[in-house]
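Only one structure is covered here, and it is reproduced in the block below.
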Amino acid sequence: MGTRLRVVLLIGSVIIALVAVGIALAYAKRDRHPDTVVVPGIRSGGLLFAFDRLRSSGLRVAIPSTIHFYPTSSPLVMGQMPRGGTRAKWGSVVSLRLIGGSIGSPAGPTKLPVYRVPDFSGKPLADAVAWTKGKTVYWAADLPPLAPSSAKHLLDAYVVRSQRPTAGSEVKLWTRIRNGVRLTPLILETTPR
């Protein structure tokens with residue numbers, strides 16, 4: 001085999017390798033999601049479930065008005081736009097119309113533990129909520145309107161602006177009053193991220 005033939009074969013091999021690498025890179029960079037998705041129907045479901053379901057379908061979520069959020073009674077989805085069952089582009093915005101639930105007295109022991117409240121200012125709402133897990137205490141927050149969000153979970157879309165009781169204070173589930181009890185939640189004022 002002559003030198004000229006070896007050079008031609010070498011150049012041909014390099015060109016084939018470059019084309020193969022180019023094709024592989026084109027597929028590697030290509031988005032791994034469909035162009036459109038079917039919008040899940042989440043009417044009458046709870047807000048946390050609805051947010052997670054829409055996000056896992058590749059859609060962003062917008063909440064156009066302030067909601068009063070109590071974990072003892074999560075807001076329910078009364079409507080959505082676009083409607084469930086329709087097709088939408090991946091990453092499209094679904095706006096939710098919500099109705100608040102009613103708050104009831106949480107059940108609990110008569111002798112209540114007391115907790116020292118950390119400083120949640122400037123931290124994700126999810127951090128404050130995680131702190132309440134496993135404790136005999138609950139939290140409440142007004143969640144202001146949320147522009148189209150790409151947060152994976154609803155509580156990650158908000159940041160704590162202020163809190164009651166303040167950091168370093170003590171909180172317990174309720175205090176006894178003359179004719180029953182007064183609930184004492186950790187009140188979190190939030191702002192969208």
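Sorted ascending by nearby beta carbons within 10 Å, beginning with the fewest, 115, 158 become 115, 158. So the label point goes 7 Å from the Cα of residue 114 along Cα→C-beta, right? Which residues of the stretch 171-193 then have their backbone N under 13 Å from it? The answer is 171-176. Net charge near residue 43, counting Lys/Arg +1 and Asp/Glu -1 over other residues with Cβ under 15 Å of its Cβ? Around residue 43, the surrounding residues sum to +3. Partner lysines whose Cα lies under 24 Å from the Cα of residue 152, excluding those fewer than 8 positions away in the same chain, are identified as 29, 89, 123, 133.
Excluding residue 95 itself, calculate the net charge of residues whose Cβ lies under 12 Å from the Cβ of residue 95, where each Lys or Arg counts +1 and each Asp or Glu counts -1. Here the charged neighbours net out to +3.
Highest mean packing first, where packing is the average number of other Cβ atoms within 10 Å per residue, the peptides 47-59, 171-183 line up as 47-59, 171-183. Spin-label model, residue 191/residue 169: points 7 Å from Cα along the beta carbon direction are separated by 2.1 nm. With a simple spin-label model that places each label point 7 Å from the Cα along the Cα-to-Cβ direction, the separation between residue 130 and residue 179 comes to 4.2 nm. Remark: 66, 3 ranked as 3, 66, counting other beta-carbon atoms within 10 Å and listing the fewest first.
Available extension along the chain between residue 4 and residue 62 is 14.3 nm, counting 0.36 nm per residue and deducting the alpha carbon span.
A short reminder: the numbers here are calculations on the coordinates, not readings from a lab. Because the structure is predicted, anything quoted here is derived from the model rather than measured. FYI the Cβ positions are ideal-geometry reconstructions off the backbone, even for glycines, and counts take in every protein chain you see.
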